[in-house]
2 protein chains.
Amino acid sequence: MDQELARRWLATALGEARGGRGEGGVPIGAALYGADGVLLGRGRNRRVQDGDPSAHAETAAFRDAGRQRSYRGTTMVTTLSPCWYCSGLVRQFGISRVVVGEDRTFRGGQEWLAAHGVEVVVLDDPECVELMRTFVAERPDLWNEDIGHD
Amino acid sequence: MDQELARRWLATALGEARGGRGEGGVPIGAALYGADGVLLGRGRNRRVQDGDPSAHAETAAFRDAGRQRSYRGTTMVTTLSPCWYCSGLVRQFGISRVVVGEDRTFRGGQEWLAAHGVEVVVLDDPECVELMRTFVAERPDLWNEDIGHD
């Protein structure tokens, strides 16, 4: 896809991630865009804010978009490479593309998604990397909890 | 695991599934049990009830359990074989075991989970099968929407 468009969409997810950081939450954000480029939903990790472990950024954006008849042609934009939970979401619902802010600090199922026909675009964005590096260094307990690591 | 215990736990998930049917929802229920056998959370698919496509039975039960430091030794009990979304949840959070009410009408990632070390117990329960058979026959549109099939 067009890299400029991908970066513009990433800015939406980054706004969510920064908002989550400001709330003392896990600083990961996401946005779901329609096949026509319209923003369908956006969200951030809400483990801390709502005490809800099921609200990863991607699932929050998916939820925010409400019921959809089809996800064909949609794009999930996320500041961090999707974990297995969120990768499973993408695969099950047939989301066509994933734009990843960064995959340096964590990598879940992005190769698995690519092997199953999902277009994966990794932007390697410095702000996304910095957000996660700082968070993981400051709150390793919270980060491990969020990805189910004992 | 002990089959009698598995069937007792399935009864909790089945109660959720029946409740969902009564609400006009997707009749799938789930429950998360701790390593010590205590019920941590229970839930049902809430797509219709809450207009929330992210609320599959398993993710609803996971959410209901709240924040947990570890899922080691826990069991996710579900009336229907988990889709990729819910299978991803199980893998990411290290849930140790999945009890499946039935896998005749639908099968998602249960073999993938087993290949990754999750204990999978399939009970082939007639009431679970009947709930789904009737639902899929009566509401194919809703069922296809729930699993992201165009």
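Having 3 or more residues that are within 12 Å of chain A (Cβ to nearest Cβ) is the bar; report the strands (runs of 3 or more DSSP E) wholly within segment B:15-97 that clear it.
Counting at least 3 such residues, we get B:39-44.
Can you confirm whether A:Thr134 is more than 13 Å from chain B (Cβ to nearest Cβ), surrounded by fewer than 17 Cβ atoms within 10 Å (Cβ to Cβ) and touching a Pro at 6+ places or on another chain (Cβ under 9 Å)? Please lay out each step first, then the result.
On the way: more than 13 Å from chain B (Cβ to nearest Cβ): yes; surrounded by fewer than 17 Cβ atoms within 10 Å (Cβ to Cβ): yes; touching a Pro at 6+ places or on another chain (Cβ under 9 Å): yes.
Considered against the rule, which asks whether it is more than 13 Å from chain B (Cβ to nearest Cβ), surrounded by fewer than 17 Cβ atoms within 10 Å (Cβ to Cβ) and touching a Pro at 6+ places or on another chain (Cβ under 9 Å), A:Thr134 comes out as yes.
Looking only at segment A:1-35, filter to residues that are without any contact (Cβ under 8 Å) to a residue 12 or more places away in the chain and charged (D, E, K, R); which one of those is farthest from A:Thr79 (Cα to Cα)?
Filtering segment A:1-35 for residues that are without any contact (Cβ under 8 Å) to a residue 12 or more places away in the chain and charged (D, E, K, R), the one farthest from A:Thr79 (Cα to Cα) comes out as A:Asp2.
So which residues in segment B:17-61 are closer than 22 Å to A:Cys86 by Cβ and among the polar types (S, T, N, Q)?
Of everything in segment B:17-61, those that are closer than 22 Å to A:Cys86 by Cβ and among the polar types (S, T, N, Q) turn out to be B:Asn45, B:Ser54, B:Thr59.
Among B:Ala35, B:Ala114, B:Ala65, which is the only one that is small (Gly, Ala, Ser) and within 30 Å of B:Pro140 (Cβ to Cβ)?
Values: B:Ala35 fails: within 30 Å of B:Pro140 (Cβ to Cβ); B:Ala65 fails: within 30 Å of B:Pro140 (Cβ to Cβ).
Step by step, each of B:Ala35, B:Ala114, B:Ala65 is checked, and only B:Ala114 is small (Gly, Ala, Ser) and within 30 Å of B:Pro140 (Cβ to Cβ).
Among all residue pairs at least 6 apart or on different chains, which show Cβ distances below 9 Å where the first residue, located in segment A:59-80, is more than 23 Å from A:Phe135 (Cβ to Cβ) and the second is at pLDDT below 95 and among the hydrophobic types (A, V, I, L, M, F, W, C)?
A:Thr75/A:Met1
What do you reckon, is A:Arg67 loosely packed, with under 15 Cβ neighbours inside 10 Å and either under 13 Å from the mean Cα position of the chain (by Cα) or farther than 24 Å from A:Arg7 by Cα (or both)?
So A:Arg67 passes the test.
Among the residues of segment A:47-62, how many are over 14 Å from B:Phe62 (Cβ atoms) and buried (at least 21 other Cβ atoms within 10 Å of the Cβ)?
5
Can you tell me how many residues in segment B:77-97 are among the hydrophobic types (A, V, I, L, M, F, W, C) and more than 16 Å from A:Gln92 (Cβ to Cβ)?
Of the residues in segment B:77-97, 3 are among the hydrophobic types (A, V, I, L, M, F, W, C) and more than 16 Å from A:Gln92 (Cβ to Cβ).
Residues of segment A:9-46 being among the β-branched types (Val, Ile, Thr) and either crowded, with 20+ Cβ neighbours inside 10 Å or within 18 Å of A:Phe135 (Cβ to Cβ) (or both), which ones?
Step one: of segment A:9-46, the residues among the β-branched types (Val, Ile, Thr) are A:12, A:26, A:28, A:38.
Matches in segment A:9-46: A:Val26, A:Ile28.
Kindly provide the set of residues from segment B:48-57 that are under 24 Å from B:Ile95 (Cα atoms) and more than 14 Å from the chain's Cα centre (by Cα), ordered by number.
If the condition is that a residue be under 24 Å from B:Ile95 (Cα atoms) and more than 14 Å from the chain's Cα centre (by Cα), then B:Asp52, B:Pro53 are the ones that fit.
Mind listing just one residue for me: the one in segment B:98-123 that is of a type outside the set (D, E, K, R), in a loop (DSSP other than H, G, I, E, B) and buried (at least 24 other Cβ atoms within 10 Å of the Cβ) and, of those, farthest from the chain's Cα centre (by Cα)?
The extreme case among them is B:Gly109.
I'd like the full set of residues that are surrounded by 13 or more Cβ atoms within 10 Å (Cβ to Cβ) and small (Gly, Ala, Ser), limited to segment B:137-150. If you could, list the steps in order and put the result at the bottom.
In the first step, residues of segment B:137-150 are kept if they are surrounded by 13 or more Cβ atoms within 10 Å (Cβ to Cβ); the result is B:139, B:142-148.
If the condition is that a residue be surrounded by 13 or more Cβ atoms within 10 Å (Cβ to Cβ) and small (Gly, Ala, Ser), then B:Gly148 is the only one that fits.
The values are calculated or read from the model by the stated rules, or taken from the named source; none is laboratory data. Here the structure is a predicted model, which means the values were calculated and not measured. Methodologically, a virtual Cβ is constructed for each residue, glycine included, from the backbone with ideal geometry; neighbour enumeration extends over all protein chains shown.
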